[in-house]
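Just so you know, all these numbers are worked out from the coordinates, no wet-lab data involved. This is a predicted model, so every value here is computed, not measured. Here the Cβ is made from the backbone with ideal geometry for all residues, glycine too, and neighbour counts use every protein chain on show.
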Amino acid sequence: MSLHLDSIDLKILRILQQDADVSNVELAERIGLSPSPCLRRVRILEEAGVIKRRVTLLDAEVLGLAVSVFVSVQLERQSRERLGEFEAEIRKRPEVVECYLMTGESDYLLRVVVPDLHAYERFLKDSLTRIPSVANIRSSFALKQVAYSTALPLGHLA
């Protein structure tokens, strides 16, 4: 699907990426449109799938989720069945906030968020190591979050 995004659409997306809770009236004012055409553009972006959904971002540390772990997982075999089985099991785990199928040495890269090392150990023992196709697990603990953004770079569309 080819969707043409003009400069007004890009302004809308930039603003909504920073504050999805902005009112339509304020959004329209900030981009220089009246509310009705602004709302129409937002709805078109939603219907086209450009805007997938709107969420509230929570502060993990404030909520006691201070440990962020990047986990490389290697499977015994990369058959379609094994990949599907692994992905289905991973989707059930709320600790896994991101999961990517990778190229290179590991088959998957996970980002796991837990309150402490004991919780991560339980996740490993009770969940990850029990998935039949898992052959190797390597964990790297994040010491500090240097940069984090949910906003996508849109410069290439301008």
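Does residue 14 satisfy being assigned to a helix (DSSP H, G or I) and under 20 Å from the mean Cα position of the chain (by Cα)?
yes
Looking only at the stretch 35-62, how many residues end up being in a loop (DSSP other than H, G, I, E, B) and in contact with a helix residue (DSSP H, G or I) (Cβ under 8 Å, 6 or more places away or on another chain)?
The number of residues fulfilling the criteria is 3.
Restricting attention to the stretch 22-35, does a residue exist that is within 22 Å of the chain's Cα centre (by Cα), within 19 Å of residue 54 (Cα to Cα) and free of Cβ contacts under 8 Å to residues at least 24 places away in the same chain?
Within the stretch 22-35, one or more residues are within 22 Å of the chain's Cα centre (by Cα), within 19 Å of residue 54 (Cα to Cα) and free of Cβ contacts under 8 Å to residues at least 24 places away in the same chain.
So if I check each of 133, 68, 127, 72, which one is surrounded by 12 or more Cβ atoms within 10 Å (Cβ to Cβ), touching a Phe, Trp or Tyr at 6+ places or on another chain (Cβ under 9 Å) and over 28 Å from residue 149 (Cβ atoms)?
When all the criteria are applied, what remains is 133.
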